[in-house]
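Participant: Before anything else, here's the structure in question.
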Amino acid sequence: MKMKTITAGALILLSAISTTAQNHTPGQNYMNKFTEAPAYAGFNGNAEGFLGYRAMMTGIDGAPKILRANFNGNIKGQMGYGVDVINEKAGNFNNTILALSYAYHVQLGGEANLSFAITPTLLRSAFDLASAKTFGAAADPVFQNQAGLSGTGFDAGFSVMFNIKGLYFSVNAPRLICKDLQFQNGIVDADRIINGSISYAIEADKWEIEPMAQVDYAMIGGIEWAGGLALKYNQRAWLQGSYSSENWIGIGVGFAASNRIALCYQYEIGTSDIAKTCNGNHELTAGFLISKAKKRKNPTIFAEDEKTDPKSDSKYNAKPDSDLAKKLEEEIKNRDNEIKRLEGLIDDCCTNNTPSSDVNSPKPSDDGPKPVVDPNEPDQETVINTEPTPEYDEVAQPRDPQKVKWLESRELINVRFATNTTRLLESSKSDLDAFANIVAHNFNADRDILIISYTNDMTDYGKQIANTRSMEIKKYLVAKGIQSKRIITSVKRLRNVSDTPEGRYEDSRITVSLEAKPRDK
């Protein structure tokens, strides 16, 4: 029994030194990577808080107990901040750490990120003499005159984190200055340590698998390591297992109590002879999502919400590929609208046999054709194209467009030319191909076609550009098998000129019409 008490006491002392130096809380490490390295502060864009309680070697009087609370958030996207408070009590020792962190995040390109953090730290260690039991205490002046001993010191740490897709790698040096704590009757040596961690999250449908590894190097304490694996389902529940070089085997279970609250319990059992003298380690962790980022970004333990945030148009349940899904939905919607527009063009040209009463239905005159103003567009004038096109026409303009009754004109919305040129844009060909298919089949094959090119340039040069553009469209339709003699080209010059680039672009439009009835052969 005496030997068991001695070994348990030694284990407590070793654990007190170890946990004070490295502050491991495995239950929090998976839920909150900020505990692994302050460089994670604000990386996911959320403001998150965590509370944790860890009881080590339960069943042994004076065993270490750790209470940990931390919070981290984001500042303007590229920066983060964090606060970490740790209180550890082991026997008569009481250690407190307060760490403030500032992080800066850099996007390297693609999905790669690099983050840095500096962490000024306040450390306080106290020893309760009133509860201490030792032989000869009455003769010791320290025990006679002091109720306790304490020391306070300042330190600073630095950490770096690299991330690409599901890979996270961090290095943290929490004790760079490593200044000794000054006590009334001496000093406590602080150990300089470096923590390294790596994990890789693998997503498969509703499952997420994340293997993890940690290595800690202390100049006095040496090297310790731990490995773990977490299995998460539907962002709502997870299992985690771990094993450390100190012969502790851990298993944990966590779940999302709500979209803003997550809970986890971790139990560890020791396999060494010394560890078997206790009832294992227990750890409880609670996480709170205080405010969420506009766009969800890992790593975060919190589940997504299917309900719309009343303060934002975003959704908590927007999956990582939600932006791509929205783009695809918009693309499908645009294509559906384009199909409906082309179907409407086909219906108007193929089924509407009633001539319109606008500019397309002038009456013949003995004095020859005269310009007629469209009553629906009073600020324009018609310019009749009488220029020959010998490379396509059997005769130049075989029919006068003013003497033909036309169906209602339709604009080819997507038919456009490069600015200030007569070069037909590649994007125009789909509409022209559809129109060529309409006028080449069924009863439309014997109808003439009127192509009108609009221009807002009142000069002869503007007329020449518009005329050449209408001829380019005629050339394209002829190449698609439409008889040249069926195609009549015309130009309209707008009297009112738009002042904006968008307006000028809209003025340079193309309309087409089919003859109201088949022409006489």
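Participant: Testing Asn298 on (1) within 33 Å of the chain's Cα centre (by Cα); (2) part of a loop (DSSP other than H, G, I, E, B); (3) surrounded by fewer than 14 Cβ atoms within 10 Å (Cβ to Cβ), one condition comes back false. Which one is that?
Facilitator: (3)
Participant: Can you tell me which residue within region 137-163, out of those that are more than 30 Å from Ile198 (Cβ to Cβ) and among the hydroxyl-bearing types (Ser, Thr, Tyr), is modelled with the highest pLDDT?
Facilitator: Thr152
Participant: Continuing with this model, one more query. Output yes when any residue across region 279-288 is free of Cβ contacts under 8 Å to residues at least 24 places away in the same chain, surrounded by 15 or more Cβ atoms within 10 Å (Cβ to Cβ) and either part of a loop (DSSP other than H, G, I, E, B) or of a type outside the set (Gly, Ala, Ser) (or both), and no when none is.
Facilitator: Going through region 279-288, the residues free of Cβ contacts under 8 Å to residues at least 24 places away in the same chain turn out to be none.
No, region 279-288 contains no residue that is free of Cβ contacts under 8 Å to residues at least 24 places away in the same chain, surrounded by 15 or more Cβ atoms within 10 Å (Cβ to Cβ) and either part of a loop (DSSP other than H, G, I, E, B) or of a type outside the set (Gly, Ala, Ser) (or both).
Participant: Ok, one more. Identify all residues within region 402-426 that are open to solvent by 20 Å² or more (accessible area, probe 1.4 Å), farther than 13 Å from Ile473 by Cα and assigned to a helix (DSSP H, G or I); write none if there are none.
Facilitator: Lys403
Participant: Within region 167-189, does at least one residue satisfy the condition of being out of contact with any strand residue (DSSP E or B) (no Cβ under 6 Å at 6 or more places or on another chain), at pLDDT below 90 and among the charged types (D, E, K, R)?
Facilitator: We begin by selecting, within region 167-189, every residue out of contact with any strand residue (DSSP E or B) (no Cβ under 6 Å at 6 or more places or on another chain); these are 178, 185-187, 189.
Now restrict to residues that are at pLDDT below 90: 178, 185-187, 189.
Right, trim to among the charged types (D, E, K, R) and you get 189.
Yes, the conditions are met somewhere in region 167-189.
Participant: Next question. When you check Lys429 against the structure, is it at pLDDT 85 or above, open to solvent by 10 Å² or more (accessible area, probe 1.4 Å) and either in a helix (DSSP H, G or I) or closer than 26 Å to Lys405 by Cβ (or both), yes or no?
Facilitator: Numbers: at pLDDT 85 or above: no; open to solvent by 10 Å² or more (accessible area, probe 1.4 Å): yes; either in a helix (DSSP H, G or I) or closer than 26 Å to Lys405 by Cβ (or both): yes.
In short, no.
Participant: For region 257-278, give me each residue that is in a strand (DSSP E or B) and either over 31 Å from the mean Cα position of the chain (by Cα) or buried (at least 21 other Cβ atoms within 10 Å of the Cβ) (or both). Before you say what the answer is, go through the steps one by one.
Facilitator: Let us first name the residues in region 257-278 that are in a strand (DSSP E or B), namely 257-258, 261-270.
Those that are in a strand (DSSP E or B) and either over 31 Å from the mean Cα position of the chain (by Cα) or buried (at least 21 other Cβ atoms within 10 Å of the Cβ) (or both): Ala262, Cys264, Gln266, Tyr267, Glu268, Ile269, Gly270.
Participant: Could you please give the count of residues in region 194-233 that are open to solvent by 70 Å² or more (accessible area, probe 1.4 Å), assigned to a loop (DSSP other than H, G, I, E, B) and touching a residue at least 12 places away in the same chain (Cβ under 8 Å)?
Facilitator: 3
Participant: Restricting to region 234-252, and then to whatever is in a strand (DSSP E or B) and under 25 Å from the mean Cα position of the chain (by Cα), can you tell me which residue is surrounded by the most Cβ atoms within 10 Å (Cβ to Cβ)? Walk me through it before giving the result.
Facilitator: Keep residues of region 234-252 that are in a strand (DSSP E or B), which gives 237-244, 248-252.
Adding the requirement that they be under 25 Å from the mean Cα position of the chain (by Cα) leaves 237-238.
Values: Ala237: 14, Trp238: 22.
Across region 234-252, the extreme among qualifying residues is Trp238.
Participant: Considering only residues that are among the β-branched types (Val, Ile, Thr) and in contact (Cβ under 8 Å) with a residue 40 or more places away in the chain, which ones fall in region 262-274? Walk me through how you get there before you give the answer.
Facilitator: Residues of region 262-274 among the β-branched types (Val, Ile, Thr): 269, 271, 274.
Once the filter is applied, which keeps residues that are among the β-branched types (Val, Ile, Thr) and in contact (Cβ under 8 Å) with a residue 40 or more places away in the chain, region 262-274 yields only Ile274.
Participant: Restricting attention to region 78-101, which residues are buried (at least 18 other Cβ atoms within 10 Å of the Cβ) and within 36 Å of the chain's Cα centre (by Cα)?
Facilitator: Selection gives Gly80, Tyr81, Gly82, Asp84, Ile86, Ile97, Ala99, Ser101.
Participant: Evaluate the following for Asn456: is it open to solvent by 30 Å² or more (accessible area, probe 1.4 Å) and under 45 Å from the mean Cα position of the chain (by Cα)? If you could, list the steps in order and put the result at the bottom.
Facilitator: On the way: open to solvent by 30 Å² or more (accessible area, probe 1.4 Å): no; under 45 Å from the mean Cα position of the chain (by Cα): yes.
Considered against the rule, which asks whether it is open to solvent by 30 Å² or more (accessible area, probe 1.4 Å) and under 45 Å from the mean Cα position of the chain (by Cα), Asn456 comes out as no.
The values are calculated or read from the model by the stated rules, or taken from the named source; none is laboratory data. Predicted, not measured: the structure shown is a model, and the values here were computed from it. When we count neighbours, we look across all protein chains shown, and the Cβ atoms used for this are built from the backbone with ideal geometry, even at glycine. Side chains included, ligands, DNA and RNA excluded: accessible areas come from the protein's heavy atoms. Shrake-Rupley method; radii C 1.70, N 1.55, O 1.52, S 1.80 Å.
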